[in-house]
Every structure is written in C-alpha cells, then in structure tokens.
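Right, one structure below, let's go through it.
Derivation of every value follows stated rules applied to the coordinates shown; laboratory data play no part. Worth saying up front: this structure is predicted, and the values here are computed from it rather than measured. Glycine also receives a Cβ, built like all others from the backbone with ideal geometry; neighbour counts cover every protein chain displayed.
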Amino acid sequence: MTSAEEIDIRDTVRAELLGPGGLFEVAEESVRGRDHLVFVNRKRSLREMVEAAAERGETEFLVLGDQRVTYDEFVGQVGAVAAWLSDRGVGAGDRVAILAANRPEWIVTFFGAASMGAIVTALNGWWTAHELAAALDLTTPRVLIGDRRLMARVPVDHRPATLVEIESSFGDLIAKPGPLPDVPISEDDAALILFTSGTTGRPKGATISHRGLIGFVQSMIYNGAERVFVQARLGKDSVPPGQLITLATSPLFHVSGLFGSTLMAVEIGGKLVFREGRFDPADVLRLLEQERVTSWSAIGGMGPKVLDCPDLASRDLSSVTNLGFGGAPVGPELQDRLRDAFANAASAMGMGYGSSESVAVATSIGGEDFIERPTSCGTANVGFEVEVRGPDGVVLPDGLDGEVFVRSAYTMLGYWNDPEATSEVLDVDGWLAMGDIGHFDAGWLHLNSRARDMIVRSAENVHPFEIEYRLDAHPDVVESAVVGVDHPELGQEVKAVVVTRPGIELAPATLSAWVGETLAAFKVPSLWAIGTEPLPRNAAGKIVKRALVEAVEDGLSHPDPV
C-alpha cells in the first residue's frame, strides 16, 4: 500500500510544482467565457511545438522501414507542406483531410496544415466508402492527402478538388523545405476534427483546439514529472536514460496514436517507429527488439495478441520501460501478464481515461497506484473537474454509480456543424457528459463498462444505435438490438439480437454482409441471435438490453472482421 510518507511527499511535490514560480505553475484564467485552471507557462499553438522541435537537429524522429526522418528534416517538411497548401488557396479555418495508414507523411501533413491555421480532418482508415463520404460531405475539405490503398475507397463524387496520393506525389510537396508560416493562430482556434461515435450514435466530428492539444501534452508531462520527483525524494531512480522511442501501433486518427504517441514525442524529442500492414504481433515483437523501443501502448486486443505470440519468449524486450493503456479498462489478469512479459515496465504501467470530446486525459493512474487499484482509472488530472451524477443531475457520494461528467479548458469546441449533437453532451457551463457509468472511491474513479450502452471493442467506440438503424433497414428485419458482450482480448464484442418477419430465415453471414456494406468492419456484429420472438421490453416500451447481455449466447458467429 502507498505509505503515509509517500502521500505526504506527493502532496509537497505537487504544491511545489504547481505553486507560484513552480515548474508547472497553474492559475485560473478565462477560457471561452469560463474560468479554468491552466498552466501559466505553455505553448500557444502546434506551430510553437514545431518551432521548439527544431532545436533537436539531427536527432531521429520518424521511422518506417528504411525511411528515417530527423527533426531538422521534419521541420523543413512541415514548412514546405504549409507553403504548398497556401499556394493552393488553403487558408485559416479551411479543412485539410488525411486518409492514410500510420506513416511519416501523416505527421508532416498534420503539422503542416495546423501550422498555417488550417483544420485537419482525420479520417478513419477503417471506414467504408459510405462512412468516408459522409465525413467528407460534413467537413468539406479543400484538400485530401492519403495513401493509395485507402484513397481508392473514397467515392469519386465525394472527393475534394485537390487530391494528393502519398506514394506518387508527396515528394513534390516537400521538395523545397522552407520556414514555418507566420499567420496568427489563437489558442482556441480549431486545429483538428477527430471523428467519434460519442454517446449519441452516428460518427460526429469532435472539433479540437490548439489549446486542447497542447493541454493534453502538458498535463501528461506534469504527471510524469510529479512521479519522478516523488520517486527521487524516496531515493528511487525512475528516469529511463536516453531518447523516448515509441512503437506507434495505435492509429493516428485516434487519441492514443495522435495525442498519446505523436504529440508527446514532438514535445520531448522522442522517436516514433511505424510499421506497415495489419497488426502482426510477431512483427511488433521484432520492432520492439530491433529499434530498442522504450514505450508502447497495448490498447484493445494488441496486448493479448502479443502475449500469445510464439515469438514472445525469444525476443529481448528489456528496452521497454513504459507500457500504457487507453480506450477501455484493462483487467487485472491482463495487467499481470503484461508485467511478467515486460519486466522493466512493470512498475511504470499506467492508463488514462478520456475521449475525443474531453481531448486531454481527465483521470490517470500509474505505478504503484495502478498495482494497488487495478480496476481504477485514476484520479482527476490537473485542470480537470470530474463528477459522477445521478439521473436528476445531482452529484453522487462515493460508491454510487452514475454518469461521469468532466470539465476543463481543453474540452472540444463542439461537434463540427452539429450544434444539436453538441448540446446533448456539452452544457452551457462547460460540463461534458462522457456517456460512461462509474463511481468514486476516495477520489479514485472506477468505471462500470457493463452499465452503459456504448460498446468499446478493441479501443474503438461502437454505438448500438448506428448498427440497429442499419439492421432495421433490412426488409426482412422487424426489430433489432445491439449490445456489448465481454471478451477476454477485445474488451467487448458486438452482439446483435434480430427479430425477423414470420417465415423468414436469415443467416448471420447475410446480415453481416448487410451491415458491412455501410459500416466499418469493427462495427459488424460477431455474435448473432436471430429469431421471431419479440425483444424484451419494460413497461415504458424500452428494450431491456441488460437481459440480452445476460442471456445465454447461441454460439452463432462469423470470423473476427478486424
């Protein structure tokens, strides 16, 4: 257990770091009409982050196979992309869409667009043509930059006027490295549209400010600094030597990949190692060893796949000193297995709780705290207020489950061109409804994933409404309900309970194909219950989904789609 001495030291260190004149001094400031606690000394835009990165010189930054980009090269390429966009009429507030697998060009495009005031539209590479078309119609980007394989999926009549295929044309964009632009950028200008199913169904574009992205980085760095200072006063060395080297297997269109890996690396001079193709645990283990990776996020089903890989025992994983989680809670058993496999990261494992809408991480936990409280997702981070409320909106005491609400200076600006959806989750006082059910225990937040409708499959949010709407559109389906079922590797998998018209027999494969025509593969149910009996409903006529989750599975399934 955490000793009283360590708690006292932690409180002292926190006061010193956050107090007047401290390395991470905080103060209340007015942000978009509301007072929030913010870091006093901070960067004001992503461009400032790139400017600071120029000091890293010839240090390696981006790696993909034989492709290796130094910080000097990165900064010059960012300037070149910004100039290229400006020459084609892209200005502040215009959207620039990216549709590509994880690769250096994704990162360069992101910072190039953001540095000249444009807004990056990060398109989900797992989407179908239907979903991509909807996102492009919503955000109307001036330019689309992407790789050949994914760009082929975009319907011709939904493509922007200017397209750049990375494999054949990106070299032209960066042929003349140049200085960074000098157009004015305000902290609360939009920098990014990140798509999410949120808590209300169809994918929506969470619009994120420069302040939010910088806040994510600074709050995470503060957490690390606090831990280092506390350990130092306890006589323990907790600072791994050398450059932070991250194996970036989380998609760049996700918080984990773009915020947790990329922004953090740029800020502290780290290196990002990418790989090509679908997730391959053997290749991940190869890269962890070959590139002497120090940090990896085992989100979703990645961790179990690596643990079950035959190559695990023969690979040298001693370089990995930091192992992170996100997207969904990770069970104690899996935590223990990962600690055994990554021994040098065992004491530094941690996870954070947040969303595309909250932008920065609302709560976090790590080190000994995580070992002592493996089912918690931590305490509130600096600058965050976190509440658990009942149905009447009243804040609940410890131990009682309710909906989680968070508030900070970093919360999304809103859903792009969707004020109605924005008002459903973000109130006039800046409180964001997270859509999760949980409770506090002496300041430590615990989530109850089985109490919510939202399904989190391998760190991907899957909202049942979206799948139910598609199933109900089938001419032979009377009604349907979609629920999440616990899964040892994925966290949850998607189960659909379908009621057909009398006399009609529908096979799971038929309905899988129907759903897959318009929705991404990770949303296609992997468990099916198909029959003619009406779904269970309560007195108000609402489907009782908990009864469906608890019912015995009928075993009908199709192969894992992702």
**Prompt:** Counting pairs of alpha carbon atoms under 8 Å apart in space and at least six apart in sequence, what relative contact order in percent does the chain give?
**Reply:** 12
**Fill in**
Expected vector for segment 43-57, Karplus 3J(HN,Hα) from phi with 6.51, -1.76, 1.60 and θ = phi - 60°, integer Hz, x for Gly and Pro, equals 6, 9, 6, 5, 5, 4, 5, 5, 4, 5, 5, 4, 5, 7, x
**Fill in**
Taking alpha-carbon centroids only, segment 407-485 lies from segment 268-337 a number of Å equal to 28
**Fill in**
Contour minus Cα-Cα span, ARG292 to SER86, at 0.36 nm per residue, comes to 70.3 nm
**Request:** Note down the nm distance, to one decimal, between modelled labels 7 Å out along Cα→Cβ at GLU372 and at LEU234.
**Result:** 0.8
**Prompt:** So for LYS523, LYS43, LYS236, fewest C-beta neighbours within 10 Å to most, what's the order?
**Reply:** LYS236, LYS43, LYS523
**Request:** Describe numerically, in nm with one decimal, the distance between label points set 7 Å from Cα along Cα→Cβ at ASP311 and at VAL183.
**Result:** 4.3
**Complete:** Sorted by chain and then number, the residues having a modelled amide H within less than 5 Å of the amide H of HIS487, at least 5 places away or on another chain, are GLN492, GLU493
**Prompt:** Which far-off residues, 5 or more places away or on another chain, put their amide H under 5 Å from the one on LEU192, with H placed in the peptide plane?
**Reply:** VAL120, ILE208
**Message:** As a footprinting exposure proxy, order TYR71, TYR353 by other Cβ within 10 Å, with the fewest listed first.
**Reply:** TYR71, TYR353
**Message:** Is there a quick way to get the dipole size of the chain? I mean about its Cα centre, with the Cβ of Lys and Arg at +1 and of Asp and Glu at -1; what is the value in debye to the nearest 20?
**Reply:** 760
**Message:** I'd like the trypsin sites (Lys or Arg not before Pro) in segment 253-304 restricted to DSSP loop residues with at most 13 other Cβ atoms within 10 Å, sorted by number.
**Reply:** ARG278
**Item:** From phi via Karplus (6.51, -1.76, 1.60), per-residue ³J(HN,Hα) for segment 183-193 in Hz, x at Gly/Pro
**Value:** 5, x, 9, 8, 4, 9, 6, 5, 10, 8, 10
**Message:** Just want the ordering: GLU60, GLU6, from fewest to most Cβ atoms lying within 10 Å of their own Cβ.
**Reply:** GLU6, GLU60
**Message:** Taking a ≥ b ≥ c as the square roots of the Cα gyration tensor eigenvalues, with a/c under 1.5 meaning rounded and otherwise prolate when a/b beats b/c, else oblate, which class fits segment 70-185?
**Reply:** prolate
**Asked** How far apart, in nm, are the 7 Å Cα→Cβ label points at VAL544 and THR59?
**Response** 5.9
**Asked** If you take the beta carbon distance between ASN344 and SER3 as r and set R0 to 30 Å, what does 1/(1 + (r/R0)^6) give as a FRET efficiency, to the nearest 0.05?
**Response** 0.80
**Coil-residue trypsin sites (Lys or Arg not before Pro) of segment 110-164, DSSP, other Cβ within 10 Å capped at 15** = none
**Prompt:** Looking only at segment 118-134, which residues have a backbone nitrogen under 18 Å from a spot 7 Å from the Cα of GLU167 in the C-beta direction?
**Reply:** 125-126
**Asked** Quick one: if the Förster radius is 51 Å, what FRET efficiency do ILE221 and VAL478 give, using the C-beta to C-beta distance and rounding to 0.05?
**Response** 0.40
**Request:** State the Cα centre-to-centre distance between segment 165-198 and segment 1-40 in whole Å.
**Result:** 33
**Asked** Across segment 301-311, in residue order, what do the Karplus-derived ³J(HN,Hα) couplings come to in whole Hz, using 6.51 cos²θ - 1.76 cosθ + 1.60 with θ = phi - 60° and x for Gly and Pro?
**Response** x, 5, x, x, 5, 5, 5, 8, 6, x, 7
**ILE530 long-range amide H proximity, modeled H, under 5 Å** = VAL498
**Request:** Treating cross-link reach as a plain straight distance, find the lysines whose alpha-carbon is under 26 Å from the alpha-carbon of LYS523, omitting any fewer than eight places away in the same chain.
**Result:** LYS204, LYS305, LYS495, LYS542, LYS545
**Prompt:** When the chain is fully extended, how far beyond the present Cα-Cα distance does GLU517 get from GLU51, taking 0.36 nm per residue of separation?
**Reply:** 163.3 nm
**Fill in**
Contour minus Cα-Cα span, ALA509 to ASP392, at 0.36 nm per residue, comes to 37.8 nm
